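J.: Got a structure for you, questions after.
The values are calculated or read from the model by the stated rules, or taken from the named source; none is laboratory data. Since this is a predicted model, take the numbers as computed values, not measurements. All Cβ positions, glycine included, derive from the backbone under ideal geometry; neighbour counts span all protein chains shown.
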């Protein structure tokens, strides 16, 4: 990305003071409160610095959303192995809301012969579908290769995923997104309890569970930025055959999900501003 654009965005964000606007104040309070739980030793001044860096990351991601900066991505990990798997077998690809995470969608469109589906919340599907459809038309993709959306909140979302994988579609999904269809006052909470940044949280394990049940590879990629704001994609996990690790899908799902959250934790310990989900962290806290 052009340095002049980055500098312009940085200067604009540097002037944001959360206490001057009700909207900014609400967002900052959520961010600072959750950050304070995970990093009690950090000063309020550091909270404001990290808040500005998080806003910068969000603005850069929006500027990169058309995929025009895809060629600038730096990859960490076995990229050749990743491409071999992705162009051979439908897989479940897990990621988090870090860095320029939406670039993964463009990467799959440009480098995979197999199409993919996006697992999204109902709110995202309703609010972004028109714009998403317009962008797909501009890309002039064949009907089969265009991404489809699966609404995670739908009661039959798991069934739709299990049907899409044998049909030859990857699934791209966010581990730290919504908790799926099985929630509500009468629903049994099947989320995994673990320690994350020193705090007890509950996280959903359905993606890893479905990879085991469907017999497809489970992949985890974490997007992040380095000091010059360059995008990096870290391939932290490629499990070609989940059933070889654990015969039981529940055991596999719990171990694999915990491992992926440990990878996220390693990034956030030093760079918490890379993560968008601080605003929703309370939904996972026990």
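J.: Suppose the filter is surrounded by fewer than 19 Cβ atoms within 10 Å (Cβ to Cβ), part of a strand (DSSP E or B), under 18 Å from the mean Cα position of the chain (by Cα) and in contact (Cβ under 8 Å) with a residue 24 or more places away in the chain; does residue 232 pass it?
T.: So residue 232 passes the test.
J.: Also, quick follow-up: Name, by its number, the condition in (1) under 25 Å from residue 161 (Cβ atoms); (2) in contact with a helix residue (DSSP H, G or I) (Cβ under 9 Å, 6 or more places away or on another chain); (3) crowded, with 18+ Cβ neighbours inside 10 Å that does not hold for residue 264.
T.: (2)
J.: Report whether or not residue 52 is under 19 Å from residue 225 (Cα atoms), assigned to a helix (DSSP H, G or I) and out of contact with any helix residue (DSSP H, G or I) (no Cβ under 8 Å at 6 or more places or on another chain).
T.: no
J.: Across region 239-253, what is the total count of residues that are within 23 Å of residue 82 (Cβ to Cβ) and loosely packed, with under 15 Cβ neighbours inside 10 Å?
T.: 4
J.: So which residues in region 28-47 are surrounded by fewer than 17 Cβ atoms within 10 Å (Cβ to Cβ) and assigned to a helix (DSSP H, G or I), if there are any at all?
T.: Across region 28-47, the qualifying residues are 29, 30, 33, 36, 37, 44, 45, 46.
J.: Separate question: Give the residues of region 267-286 that are loosely packed, with under 14 Cβ neighbours inside 10 Å and not in a helix (DSSP H, G or I), sorted by residue number.
T.: Of everything in region 267-286, those that are loosely packed, with under 14 Cβ neighbours inside 10 Å and not in a helix (DSSP H, G or I) turn out to be 285, 286.
J.: While we're here: If I filter region 214-223 down to residues being at negative phi and either modelled with pLDDT under 95 or in a loop (DSSP other than H, G, I, E, B) (or both), which single residue comes out as farthest from the chain's Cα centre (by Cα)?
T.: 216
J.: Just to be sure before I move on: is residue 191 over 14 Å from the mean Cα position of the chain (by Cα), modelled with pLDDT under 95 and under 27 Å from residue 40 (Cβ atoms) in the structure I sent?
T.: yes
J.: With 158, 181, 211, 256 as the choices, which residue is surrounded by 14 or more Cβ atoms within 10 Å (Cβ to Cβ), assigned to a helix (DSSP H, G or I) and modelled with pLDDT under 95?
T.: One residue alone meets the criteria, 158.
Listed here are the residues, each with its yes/no results for (1) at positive phi; (2) free of Cβ contacts under 8 Å to residues at least 12 places away in the same chain; (3) within 16 Å of the chain's Cα centre (by Cα); (4) surrounded by fewer than 17 Cβ atoms within 10 Å (Cβ to Cβ).
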residue: 80; (1), (2), (3), (4): no, yes, no, yes
residue: 83; (1), (2), (3), (4): no, no, no, yes
residue: 87; (1), (2), (3), (4): no, no, no, yes
residue: 93; (1), (2), (3), (4): no, no, yes, no
residue: 96; (1), (2), (3), (4): no, no, yes, no
residue: 100; (1), (2), (3), (4): no, no, yes, no
residue: 104; (1), (2), (3), (4): no, no, yes, no
residue: 109; (1), (2), (3), (4): no, no, no, no
